[in-house]
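A.B. asks: The structure is given below, and queries will be raised subsequently.
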Amino acid sequence: MSQIPELNNAIRLAAHLIKNSQHIVVLTGAGVSKESGVPTFRDTMDGLWAKYDPQQLATPQAFQANPKLVWDWYEFRREIVRKAQPNPGHFALAELEKRFPSLEVITQNVDDLHEQAGSKNVIHLHGSIAQSKCFYNCQGNPTLIDFSRIDWDKTSGPPPCPHCGRWVRPNVVWFGEILPKAQLEAASQASSTCDVMIVVGTSGLVSPAAQLPDIAKHARATIIEVNPDITPITRLADIKLEGASGVMLPQVLEVLSNER
């Protein structure tokens, strides 16, 4: 446990509220994955990629203008994600789900580190970088493609869609695109029905995910923020655990275990 009395009290109060909750929702952002060595969106822009603006690469227009450039950047990011392992924060959330089966994780992250740690109820708002789909969704939205089965010249850019012969792209949400309807509806429904929302490692700046804590607050849920930084979520938070999720969440679990 932390040696700071105020923080210890906040951890104990968070554990108490979680213990007595009926429906917990967890909203996670880039900070959780960063603790596993996955750089944030802008942090990936170093080395060979330093001269590019990520907001100029992660758009449908950028892909159409230079599909090879965008595909290569995402392959670079995929390789980073492939090497990453879940951190104690991921494992703590998976353990919470075992104790509270109705717990749902809403994540803005495109990796599968929550699933690797054991979380089952995960809503991916921004898609999955491990998946690819036809750029034109020629067989329905999304038309997922396993490009490992496609034989193509990997130095030429993205693989062709086996159905229509046009480009395959990462199955992630780009700037200017709307979030998947089913995932957004599920996230909004979860946020409006929870009694505790734990907001972990998110800047609170990316919409519409940034509105989910407001939805939960309007529904009278208790907001617990886990973040070393002050964010727009902080004003909504009933409890602020000022630290990394890999440090704070295991301490909450420890208190829960001692209370049982």
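A.B. asks: Using only Cα atoms and rounding to the nearest 10 degrees, what angle (0 to 90) does helix 245-259 make with the longest principal axis of the chain?
C.D. replies: It is inclined by approximately 40 degrees.
A.B. asks: Where does each of I129, I123 land when they are ranked from fewest to most other beta-carbon atoms within 10 angstrom?
C.D. replies: I123, I129
A.B. asks: A further question on this structure: Obtain the nm distance between the two label points defined at K181 and R149 by a simple spin-label model: each point lies 7 Å from its Cα along the Cα-to-C-beta direction.
C.D. replies: Each label point lies 7 Å from its Cα, and together they span 2.7 nm.
A.B. asks: If I take every Cα pair under 8 Å that is 6 or more residues apart in segment 112-206, average their sequence separation and divide by the length, what percent do I get for the relative contact order?
C.D. replies: Relative CO of segment 112-206 lands at 29 percent.
A.B. asks: Assuming R0 = 35 Å, what is the FRET efficiency of N137 and N9, from their Cβ-Cβ distance, to the nearest 0.05?
C.D. replies: 0.10
A.B. asks: Check I106: other-chain or 5+ apart residues with amide H under 5 Å from its amide H, H built from backbone geometry?
C.D. replies: Amide H neighbours of I106, under 5 Å, 5+ apart: V26, L27, T28, I123.
A.B. asks: Starting with the fewest neighbours, write out S21, S207 ranked by other beta-carbon atoms found within 10 Å of each beta-carbon.
C.D. replies: Arranged by neighbour count, lowest to highest, S21, S207 become S207, S21.
A.B. asks: What distance in nm separates the simple spin-label points at I80 and H218, each placed 7 Å from Cα in the Cβ direction?
C.D. replies: Inter-label distance under the simple model: 3.5 nm.
A.B. asks: For the pairs K68/K120; K51/K154; K133/K181, flag any whose C-alpha to C-alpha distance is greater than 27 Å.
C.D. replies: Correct reply: K68/K120.
A.B. asks: In the chain, which cysteines lack any other cysteine Cβ under 4.7 Å from their own?
C.D. replies: Cys with no partner Cβ under 4.7 Å: C194.
All of the numbers you see were taken from the coordinates with simple rules; none came from a lab. Everything quoted here is computed from the prediction, not taken from an experiment. Every residue, glycine as well, gets a Cβ built from its backbone with ideal geometry; the counts of neighbours run over all protein chains shown.
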